[in-house]
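Okay, so here's the structure we're looking at.
Bear in mind that the values in this text are calculations on the coordinates, not laboratory data. Note that the coordinates shown come from a computational prediction; the quantities given were computed from them, not determined experimentally. We place every Cβ from the backbone using ideal geometry, glycine too, and count neighbours over all the protein chains shown.
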Amino acid sequence: MARAKLTTKTLAQRIDLDYFKHPHPFRRARSILSIAIPVIALLWLGWYALGRNNRVYSAGKMSSAHAVLTAKCSSCHVKEANSFSAKATDRSCDTCHSAPFHHANQTFTPICASCHLEHRGHLRLAVTADITCTQCHADLHTVGAPTQFTAEITRFNGGHPEFAILRNRGSDPGTIKLNHLVHLKHDLRGPNGPVQMDCEDCHRTVRPPAGWRFGSPQAQDATIAQTGIPPSLDTGRAYMSPVTYAKHCIACHGLQFDGRFQESAPHDTAEVIHAFLVQKFQRYIPNHPAELRVLAPHRNIPQKPIPPDVRVLTPQEWVDLRVAESEELLWRKTCAQCHALRFATNATLPTVVKSNIPQRWFQHAVFNHDAHKFQQCVECHVGAPKSKETSDVLLPGIQTCEKCHRGGREAAESRCFECHTYHDWKNEKPVKGTFTLSASAIGN
Amino acid sequence: MRIDRTHRTWLIASLIILSVASAIYLAYAQTSPSGPSGGSGIGLMFGVVGFLFMIFAGLLAARKKVPVWRLGRAQSWMRGHLWLGLLSLPIIFFHAGFRFGGLLTTVLMVLLIIVVASGIFGAVLQHYMPPVMTVRIPMETIFEQIDRVREQLVAEADAMVEEVCGPRNPPPPAPAGSKRGRAATMTTIATTTIPLCNFYNGEVRPFLQNESIQNPALAARAKAAAVFEGLRTLLPSDLHTIVHNLEELCEEERQFRRQIRYHHWLHGWLMLHVPLSLALLLLGCAHAIMALRY
């Protein structure tokens, strides 16, 4: 028996014309899912709404510093009309932070949240985009007096001028006569024989603490009293401990003033030294009265010998004579080897010119030696080993920085915030805490 | 829907929109001090445009529900659905500054990516599979009617085979007097058709009746041809027509099975695409309301 031929008609006759009234399980499953999934989505939002939890609407993860406030939106998003405002106002930031403004003559002050971008994950809020700086500094205009700074800075690499002291061919303002070349030479005469000095013998950060090779055991380290440094920077690690006589010079550069004494003169003002000398000799002479007999200078006249002229001085005369001799040695040689002294016409004692050693060269930027400790000093301070004059500026130029801070993923950070800080921390004010531990743990 | 020359206008328009949006985004991202953000003016603009594209794409389902409304051709709606739906992804990325943000926005972005990816997958399938189906499934029928047609095929096969093998469910035994004659008749039929009856009841009928029965011998056309050829050698020539008919029915069943498989590919992605699209629009509304309100 042959099958009936399959025509369009016979094929159509197989079909139930009402088939569309009875949805196929496949289509039914799709319809059920199309209802169920949106309903689940609504229930999910409703669950948060019932718990009065707005975290679901958060714009992203909080920064590490603010992560503890994740559940407390109202810490920053101040409630207005019983609802959260989208923008965190500066007033909210000021509750916890004292962030002084930049310059009195800036044309506008951006809001905190425009530079410190929150809800971008576990980032450092201090890490700001260059454009937050260059929006003004690319074409700097000021209110009132014209700016003293470079008006067009677009970025560090290629868009930043040479450091001011180098750009203006300035000189080191220090007055201490220091010859780096001599101090770094081989077989330098040290306190106990020849030494080879190293940069770290004089230039080192306060932390980690360590004794000074050529310093007095009693010498105390002290961080530089700096202003304008962001609170986050540890100045004890960032900056070199100030060079002082007690820490760095005393072992080799003793202040001997007279062969009668092993003791050195104090490293102090001329007045203090003078008083010290007077006291020393006054205490000395009562125990050595024979020294009051003083021989006059020997006059050697041929064929006519003259007996020595012996004078006997009073103790005060002897002290005055010895003090004068010691001061002559100190003022003209020992002190003058390093210090500049001024001799006024009417004054009996000189004045020591202030040493004026710069503690921080970049007054408008911060530098962290600790972050660069893996480098050899002379890699950046190239001129130091050959420097003979105090006036030599041994600061590395911007090209040296750019060798590492050249931008890109495989280079050190080169954005503005790495060296510059927007806030003028000199004007920082104390902040009084307002939060409580229990409140911080409660949501919203 | 095939992506053919009729899409050229949409393609060009989409590329222009994407180019303009990219240019605006790049300029905005490079000049904005706080970086690209959905809350900024331009960010909001991208968000509104992207969401409108999504709403338009979602309206295709509504348009299908009321085909009689004069709201443009269905094909135009489908093209708009395809291209604007696709564009919504980069526009929303521009809106978000290529960040996923918080919990709700992350869910929205993931949903959008899944919806667009499944849509692209579906569009590719819809482009390539129909021609393949036309070639490989000439007996294609309405998917929802496959079970019904399959029942008809089984009934047709049963009728053919019962003619030579007797009824599959014989009537109750006859009275005692006629028992011998009856048995003699059945024996006569069985001796000539036993291979056919056994093969039908053991192999063909279960294969036609139940989609889940896997029969490697009948599932592949070449193997099935060999099996049926072997059967013919066991049967008298007057039964070869039935064998041929059964072979045709098995071929139809194979095509139905292929159609079901293709249908699942061709429409299975909609199980993901449609429900997630609705969830996306719903949550997108919540996000938009919260963002615009606060």
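Values for this structure:
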| item | result |
| --- | --- |
| Simple label model, 7 Å out from Cα along Cβ direction - residue A:108 to residue B:19, nm | 3.3 |
| Per-pair calculated FRET efficiency, R0 = 56 Å: residue B:290 and residue B:132 via Cβ, rounded to 0.05 | 0.75 |
| Cα-based Rg of segment A:256-372 normalised by 2.2 N^0.38 Å, two decimals | 1.61 |
| Projected-area average for segment B:48-100 over all orientations - Cα convex hull basis, square nanometres | 3.7 |
| Rg(Cα) / (2.2 N^0.38 Å) computed for the protein assembly as shown, rounded to two decimals | 1.80 |
| Within straight-line cross-link reach of residue A:72, lysines at Cα separation under 16 Å, skipping those fewer than 8 residues along the same chain | A:61, A:87 |
| Cysteines without a disulfide-compatible neighbour (Cβ-Cβ under 4.7 Å), chain B | B:250, B:285 |
| Residues with amide H under 5 Å from that of residue A:294, placed H, sequence gap 5 or more | A:311, A:312, A:313 |
| Semi-axis lengths (Å, descending) of the ellipsoid that matches the C-alpha gyration tensor of segment B:185-294 | 55, 12, 9 |
| Choice from B:269, B:77, B:69 with maximal GNM fluctuation in chain B (Cα, 10 Å cutoff) | B:69 |
| Helical segments meeting 18 Å axial Cα length and Kyte-Doolittle -0.5 threshold in chain A (DSSP H) | A:25-50, A:270-284 |
| Cα extents of chain B along the three principal axes, largest first (Å) | 105, 39, 38 |
| Rounded Å value of the spacing that divides the Cα centres of segment A:91-135 and segment A:172-193 | 46 |
| Under 5 Å, built H, 5+ apart or other chain: amide partners of residue A:106 | A:143 |
| Angle in degrees between helix B:41-65 and the longest Cα principal axis of chain B, rounded to the nearest 10 | 30 |
| Length added when fully stretched, residue B:73-residue B:209, from 0.36 nm per residue minus Cα-Cα | 44.8 nm |
| For segment A:87-227, Kirkwood radius (reciprocal of mean inverse C-alpha pair distance, Å) | 20.7 |
| Burial ordering of A:64, B:277, fewest other beta-carbon atoms within 10 Å first | A:64, B:277 |
| Whichever lysines have a C-alpha closer than 19 Å to that of residue B:64, once near sequence neighbours (fewer than 8 apart) are set aside | A:21 |
| Two-site label geometry, residue A:70 and residue A:198: point separation in nm, points 7 Å out along Cα→Cβ | 4.6 |
| GNM result for chain A, Cα springs below 10 Å: residue of A:217, A:286, A:209 fluctuating most strongly | A:286 |
| Nitroxide proxy distance, nm - points 7 Å out along Cα→Cβ at residue A:321 and residue A:364 | 6.2 |
| In order through segment A:429-435: 3J(HN,Hα) via Karplus (6.51 cos²θ - 1.76 cosθ + 1.60), integer Hz, x for Gly, Pro | 10, x, 10, 9, x, 10, 7 |
| Histogram of C-alpha separations across segment B:5-99, 5 Å bin width, % | 3, 14, 22, 19, 15, 12, 8, 5, 2, 1, 0 |
| Cα centroid separation, segment B:192-231 to segment A:8-58 (Å) | 39 |
| Chain B: most fluctuating residue of B:89, B:239, B:125 per GNM, C-alpha cutoff 10 Å | B:239 |
| Alpha-carbon centroids, segment B:251-265 and segment B:1-50: separation in whole Å | 42 |
| Cross-link reach list, lysines versus residue A:247, counting only Cα pairs under 27 Å and skipping chain neighbours closer than eight places | A:177, A:185, A:280, A:333, A:354, A:373, A:386, A:388 |
